1. Among TYR68, ILE128, ILE93, which residue has its Cα positioned farthest towards the positive end of the charge dipole of region 34-220, with +1 placed on the Cβ of Lys and Arg, -1 on the Cβ of Asp and Glu, and the dipole taken about the Cα centre?
2. Explain nothing, just the number: relative contact order of region 65-160, from Cα pairs under 8 Å at least 6 residues apart, as a whole percent.
3. Please turn the phi angles of region 39-56 into ³J(HN,Hα) values with the Karplus equation 6.51 cos²θ - 1.76 cosθ + 1.60 (θ = phi - 60°), one per residue in order, whole Hz, x for glycine and proline.
4. Just flag the trypsin sites (Lys or Arg not before Pro) in region 82-177 sitting in loop per DSSP whose Cβ has no more than 12 other Cβ atoms within 10 Å.
5. Of the GluC sites (Glu not before Pro) in region 75-170, which ones lie in a loop per DSSP and count no more than 14 other C-beta atoms within 10 Å?
6. What is the sum of charges around PRO224, taking Lys and Arg as +1, Asp and Glu as -1, for the other residues whose C-beta is under 9 Å from the C-beta of PRO224?
7. Would you kindly derive the ³J(HN,Hα) couplings of region 210-224 from the backbone phi angles with the Karplus curve 6.51 cos²θ - 1.76 cosθ + 1.60 (θ = phi - 60°), listing them in order in whole Hz, with x for Gly and Pro?
8. Choose one of ILE215, TYR46, ASN57: the residue whose Cα lies farthest towards the positive end of the charge dipole of region 34-220 (beta-carbon charges +1 Lys, Arg; -1 Asp, Glu; about the Cα centre).
Amino acid sequence: MHRPAAWTMFTAALLLALSGNIQHSQAEDAASKPYPETLAVMQMLYGIETRAEYRFNLFSERAKEDGYGRTAHLFKAISLSESIHAAHFKALIEELGGTVAMVDFSSIKAESTKENLEYAATTELAEINNQYPRYIDRINPENHQQAMEYVRFAWEAEKHHRALIVKVHSGADLFFDKLLSSMDATSSRYYVNRNCGTTVSKLPPDACPVCHLPINSYVEVARP
């Protein structure tokens, strides 16, 4: 069947336009997500930090129930720190055009305070020694400065968390209950930096050692 020349030209123009629209759409999509590895890491870290926030809040409630107010206070401070990191990663996911996934908390449980401290010390050590160095290696090539800073903040905060946890947990073993009861006889104070999540039991003299903001960037965590 012979088609008029006008029809042939119209069809060719239509196909060219459709092809151009598809390529343009793909280009726009690629341009909107120029940091694919960074985005993947931010999504992973958001889930990790959100679960950590929830877990340490449960640990705090259990420690309070067990009569260990100082330990409950520490867990509450760490939970606040984790929430700051989660908020950072969520903001970057949205900025990079990604999807913030729902987080499942159903598998997270609180055991005895002793078991929770042991779990926390082990988890923090793994994150310090293994996880965060890998995350930094993954995002370094894309050189997204804000992402690199937020990951560094989280990594440094984990180091502070572990130091505080070990201080409470040290010498625990057979004298665990006696140790915590003695420690709880004294008041505890914890401060969390609202910018980087650094957690301390005593304010630095002038500025945060991690993000270098003045000490008014810290908020004191109320005892639960």
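1. So the residue furthest toward the plus end is TYR68.
2. Result for region 65-160 is 33 percent.
3. 4, 4, 5, 4, 5, 5, 5, 4, x, 5, 6, 5, 5, 5, 4, 5, 4, 5
4. Qualifying residues, ordered by number: LYS109.
5. Details: sites: GLU82, GLU94, GLU95, GLU111, GLU115, GLU118, GLU124, GLU127, GLU142, GLU149, GLU156, GLU158; in loops: GLU111.
Answer in residue order: GLU111.
6. On the way: positive: LYS64, LYS76, ARG223; negative: GLU61.
Residues near PRO224 contribute +2 overall.
7. So the J values, rounded to whole Hz, are 9, 9, 6, 7, x, 5, 6, 7, 8, 10, 7, 8, 5, 5, x.
8. About the Cα centre, the residue reaching furthest to the positive side is ILE215.
None of the figures in this text is laboratory data; all of them are computed from the coordinates on show. Source: prediction; values computed, not measured. Heads up, the Cβs are rebuilt from the backbone with ideal geometry, glycines too, and the neighbour counts pull from every protein chain shown.
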